[in-house]
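Everything below concerns the one structure shown next.
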Amino acid sequence: MAKYKLIDLASVIRSKNSGPYELTFDIIFKDFETYGKVKEAQSITKEAFAALYGIPVSDIFHLVYFDPAKAVKITIRRPIPSGALGETDVYGAQQHAPLMTMEVEF
């Protein structure tokens, strides 16, 4: 198995609101072949995502490999509700940065 940086394999890595209490992350791969290899190896897991973000696995509601879009979608509990006092990213659009440093193996 070889290690690859996620940022080199994906055409889109983004985060966004999924309601006031949830964030969704999308990783859309450049091609179906690479997506298939990542999926087969189960390179992106709840445990790996939780470790990357320093959150408990229980805060991850969904991690779905979505074949038609060659994408992985992850939905988590927001640490602070959108718009609440102390919250710094109302739209959740700046939370994907740690994913750009993630490495996957296949």
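Here are some notes:
- Within the accessible area of the chain (1.4 Å probe), percent carbon and sulfur: 56 percent
- Around Ser18: net Lys/Arg minus Asp/Glu count, Cβ-Cβ under 14 Å: +1
- Cross-link partners of Lys39 among aspartates and glutamates (Cα-Cα below 18 Å; sequence separation of 8 or more within a chain): Asp8, Asp26, Asp31, Glu47, Asp67, Glu103, Glu105
The values are calculated or read from the model by the stated rules, or taken from the named source; none is laboratory data. Keep in mind that what you see is a predicted model, and the values were worked out from it rather than measured. All Cβ positions, even for glycine, are placed from backbone atoms using ideal geometry, and neighbour counts span all protein chains on display. Just the protein is used for accessible areas: all its heavy atoms, side chains included, with ligands, DNA and RNA removed. Shrake-Rupley method; radii C 1.70, N 1.55, O 1.52, S 1.80 Å.
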